[in-house]
Amino acid sequence: MSQPDEIRDQLMAIFQAELDEHLGVLDKGLLALEQGLAPDARATLLATMFRAAHSLKGAARAVGLKDIETVAHRIEDALGLVRQGELAIMPHHAESAFSIDVLLSAVDAIRAIMAAELRHETLPREFLNSLYEGLEALTQGLASTSMPSNDRADVGQAPLEAAGSQAHAEQPGAQPGVADTVAHAAPAPEQPPAIPRQPPLTAGAGLPDWAATTDDTIRVSTAKLDALMDQLGELLVVRMRMTQLLEQVHLLQQHATAWQKEWYKVRPYWNRLRGELPDSPNARRMVDAVAANKNRITSINAELAVLLRRASSGYGHLQLVTSNLQDNIRNIRMLPIATLFDFFPRMVRDLAREWGKEVLLQIDGTDTEVDRQMLQLIRDPLTQLVRNAIDHGIEPPDQRVVNGKPSHGVLRLRAEQLGDRLVLEVSDDGRGIDHNALRQAAVERGMLSAQQADALDEQSALDLIFRSHLSTARQVSNISGRGVGMDVVRENVEQLRGQIQVQTRVGQGTCFTLTLPLTLATSDILLVKVAGRTVALPLTNVERVLRIDASQVGAIEGRPTIHTGGQILPFFDLAQILDLPPAEQPKVPGGLTVVAVPTAVVVISIADKRIAVRVDGFLSTQEVVIKPLGRQVRRVRNIAGAAILGDGQVVLILNVSDFIKSVQAKPIAKAVTPDAPRPARRRVLVVDDSITTRTLVKQILGTTGYDVLTAADGREAWKLICDMHSAGMPATPLPDIVVSDVDMPEMDGFALTATIKGDGRTAHLP
């Protein structure tokens with residue numbers, strides 16, 4: 001790539017970020033004007049929007065995007081006429097509501113032009129010419145309209161229906177076809193919806209934060225921030241290793257101190273023994289050696305004390321620096337959730353018009369800050385919930401009036417930070433969710449029998465909305481009705497280590513509550529021992545840890561339970577959930593479960609579901625950087641990711657949501673008693689020249705209950721197979737399956753496969 005091309009690419013990247021910023025100002029400003037503003041706030045907002053259009057025009061000219069420059073110039077002209085009082089911005093409840101629609105269409109057109117430019121394409125010239133004509137009609141057709149003098153100060157509050165009709169009546173020289181062109185751009189509804197205006201901003205209230213002048217800033221690529229966060233993760237691992245080294249130095253110093261104390265105890269005996277020794281060269285050498293060792297013990301103990309003090313001081317400074325660095329980087333990555341919520345007013349407006357509904361959107365908590373990555377990942381779930389609320393939840397105006405409600409429905413978006421968790425609510429005052437309709441839909445689609453559906457309580461019936469291909473809609477629309485959406489919403493939320501709850505009252509409305517971590521970069525975990533392995537549970541899902549005895553264990557309908565904290569909880573062995581061989585335990589009376597006395601138990605929860613799981617023991621809590629498993633093993637049941645501890649050990653982070661599904665989908669065994677025969681463990685041979693891949697796959701397969709052998713290439717794997725076959729001993733059986741990489745030195749995967757299949761002794765190996 002030549003230097004001019006590189007410079008242009010850099011300019012285009014900068015322009016794209018600037019374009020998004022200016023279009024966001026125009027989008028939000030037009031919607032605010034449509035709602036109506038107090039005179040001072042309106043004037044300030046128009047100035048901000050005019051400046052955004054002007055800056056966008058100049059930036060587009062600098063990078064040679066003529067079409068964007070032209071559209072921005074027309075928007076600038078229209079806003080200039082509005083500022084001068086020569087052009088009326090029509091609110092959404094006016095019969096002549098077309099000006100806002102034309103300008104919003106122009107903003108959308110700029111986005112479309114930019115998207116086509118990035119694809120190295122151009123939009124059809126007919127589309128662009130039609131856009132230019134609409135903007136030309138808007139500015140020239142209404143520019144000569146004189147607003148009444150007493151309304152000039154507050155055009156947005158004037159009786160705009162009359163102003164619009166007066167505009168056409170007083171223009172004998174108006175261009176023919178102007179009114180038709182504008183009406184075609186945004187047809188007015190026959191019965192304009194009577195949506196109450198938002199409270200106007202007072203002169204002293206000022207504008208929202210997004211319309212204010214910002215401080216001096218620089219643009220930083222998000223990829224650079226991500227790389228910085230990755231490096232911080234490695235620094236946290238170093239800090240954990242330093243913690244363990246400090247503990248080892250402290251232990252060494254304790255040993256030296258104990259050694260010195262032992263010497264002090266035996267010193268009187270040594271002094272007497274030294275006086276009894278004969279005066280000979282050997283005796284003198286032994287006496288000198290013991291005296292030198294005594295001095296070395298004292299010196300080592302003193303040096304270790306100094307080393308421990310300096311190491312503790314250095315570690316304290318490292319911990320302070322890394323903590324501050326972590327907080328600063330996290331704050332840099334944090335964005336106000338308004339950057340996400342600002343997407344919804346336009347979408348709600350357009351969908352409500354499309355479906356003939358009246359929807360008033362209320363947004364709270366826009367200053368709540370969330371990690372940028374989290375904002376990107378929760379956009380789709382929130383969008384699905386908002387679309388469902390408009391289509392399923394809020395009734396048509398006439399139906400609402402019949403039901404004694406206002407003709408307009410209210411849709412609320414709310415964000416709140418509670419500790420290290422983000423709570424999002426999407427609620428409406430619509431028809432609510434009918435539990436009986438859900439039961440009937442599940443029976444009609446063969447998901448449940450009639451008896452099973454009748455046996456569901458209200459909460460269980462409500463959970464049916466998260467089942468795939470289940471919908472109560474009688475008609476399929478471009479928004480909903482196919483039964484696909486809510487299951488994806490819950491899956492996406494759970495992949496973000498969050499949870500979703502739903503509350504509803506028929507005829508009064510529905511509220512979805514999403515509880516999510518503020519950031520996905522780091523996580524606090526609880527390390528536990530299970531079947532001789534170390535695994536981690538997300539601390540956000542750990543409700544409590546305790547130890548129980550046999551008196552707290554019982555059974556309901558043949559399933560183990562424990563009684564703790566005034567609650568009766570289902571009780572399972574975590575090793576069984578993970579398909580690991582359980583530890584041997586004594587029986588509880590009745591033989592229903594097997595519990596060691598005392599037994600370590602973790603109560604885990606997600607949403608309103610709680611279960612208790614038995615573990616072998618508790619280790620510690622740590623803050624770790626969670627690493628994804630990689631593309632090859634992106635989705636493993638019961639596994640959310642992995643983390644590296646300070647000693648270099650890789651631990652798997654367990655997926656609590658999968659636990660809940662596992663124990664609900666099938667009955668967990670009452671428990672394995674010491675007398676029960678254990679199934680033979682399957683043996684897997686993993687062949688890969690990457691030690692990282694071999695170690696990771698071995699850890700995953702070993703955690704799920706397999707005996708795992710590894711080889712660095714095909715030749716080593718074939719030698720291992722031949723050695724096992726030659727031994728012919730039960731202790732060294734052939735592997736049940738071979739998992740091999742393809743590209744390896746010495747002998748690749750294809751050659752290994754051909755060798756295995758070409759030998760009659762091993763041809764049966766899969």
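For the reader, a short list of remarks on this structure follows.
- Yes/no for THR755 being among the β-branched types (Val, Ile, Thr), open to solvent by less than 60 Å² (accessible area, probe 1.4 Å), modelled with pLDDT of 85 or more and assigned to a helix (DSSP H, G or I): yes
- Only a single criterion out of (1) surrounded by 14 or more Cβ atoms within 10 Å (Cβ to Cβ); (2) part of a loop (DSSP other than H, G, I, E, B) is not satisfied by GLY404, namely (1).
- Annotation: ARG412 fulfils all but one of (1) closer than 18 Å to LEU496 by Cα; (2) open to solvent by 70 Å² or more (accessible area, probe 1.4 Å); (3) among the charged types (D, E, K, R); the unmet one is (1).
Each row is one residue, and each column tells you yes or no for (1) in contact with a Leu (Cβ under 9 Å, 6 or more places away or on another chain); (2) touching a residue at least 12 places away in the same chain (Cβ under 8 Å); (3) within 30 Å of ARG414 (Cα to Cα).
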position: VAL249; (1), (2), (3): yes, yes, no
position: TRP263; (1), (2), (3): no, yes, no
position: LEU277; (1), (2), (3): no, no, no
position: GLU303; (1), (2), (3): no, no, no
position: ALA311; (1), (2), (3): yes, yes, no
position: GLN326; (1), (2), (3): yes, yes, yes
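- Selection count, region 227-258, where residues are at pLDDT 85 or above and of a type in the set (Gly, Ala, Ser): 2
- The listed residues are LEU418, LEU422, and the only one of them that is open to solvent by 20 Å² or more (accessible area, probe 1.4 Å) and hydrophobic (A, V, I, L, M, F, W, C) turns out to be LEU418.
- Considering residues of region 412-443 that are part of a strand (DSSP E or B) and polar (S, T, N, Q) only, the residue modelled with the highest pLDDT: SER427
- Flag for THR298 being of a type in the set (Val, Ile, Thr), open to solvent by 40 Å² or more (accessible area, probe 1.4 Å) and not in a helix (DSSP H, G or I): no
- When VAL542, VAL502 are checked against the criterion of being at pLDDT 85 or above and closer than 30 Å to TYR706 by Cα, a single residue qualifies: VAL542.
- Taking the criterion of being exposed (fewer than 14 other Cβ atoms within 10 Å of the Cβ) and either at pLDDT 85 or above or of a type in the set (A, V, I, L, M) (or both), the residues of region 738-752 that qualify are VAL742, PHE750.
- Residues that are among the charged types (D, E, K, R) and open to solvent by 60 Å² or more (accessible area, probe 1.4 Å) were ranked within region 670-706; the one that is modelled with the lowest pLDDT is ASP675.
- If you filter region 359-401 down to residues that are basic (Lys, Arg) and free of Cβ contacts under 8 Å to residues at least 60 places away in the same chain, you find that the one that is surrounded by the most Cβ atoms within 10 Å (Cβ to Cβ) is ARG400.
- Meets criteria (under 15 Å from ALA53 (Cβ atoms) and modelled with pLDDT under 85) for VAL102: yes
- Taken over region 334-358, residues that are more than 14 Å from LEU518 (Cβ to Cβ) and either open to solvent by less than 30 Å² (accessible area, probe 1.4 Å) or assigned to a helix (DSSP H, G or I) (or both) amount to 16.
- Hey, ILE556 out of contact with any helix residue (DSSP H, G or I) (no Cβ under 8 Å at 6 or more places or on another chain), open to solvent by 10 Å² or more (accessible area, probe 1.4 Å), farther than 30 Å from GLY648 by Cα and at pLDDT 80 or above or not: no
- Test: ASP549 is crowded, with 16+ Cβ neighbours inside 10 Å, more than 30 Å from VAL386 (Cα to Cα) and at pLDDT 75 or above: no
- ALA43, sole failed condition from (1) in contact with a helix residue (DSSP H, G or I) (Cβ under 6 Å, 6 or more places away or on another chain); (2) open to solvent by 10 Å² or more (accessible area, probe 1.4 Å): (1)
- Single unsatisfied condition, ASP713 versus (1) farther than 30 Å from ILE639 by Cα; (2) at pLDDT 80 or above: (1)
The values are calculated or read from the model by the stated rules, or taken from the named source; none is laboratory data. All values reported here derive from a predicted model rather than from experimental measurement. Methodologically, a virtual Cβ is constructed for each residue, glycine included, from the backbone with ideal geometry; neighbour enumeration extends over all protein chains shown. In case anyone asks, the SASA skips ligands and DNA or RNA and just uses the protein heavy atoms, side chains included. Shrake-Rupley method; radii C 1.70, N 1.55, O 1.52, S 1.80 Å.
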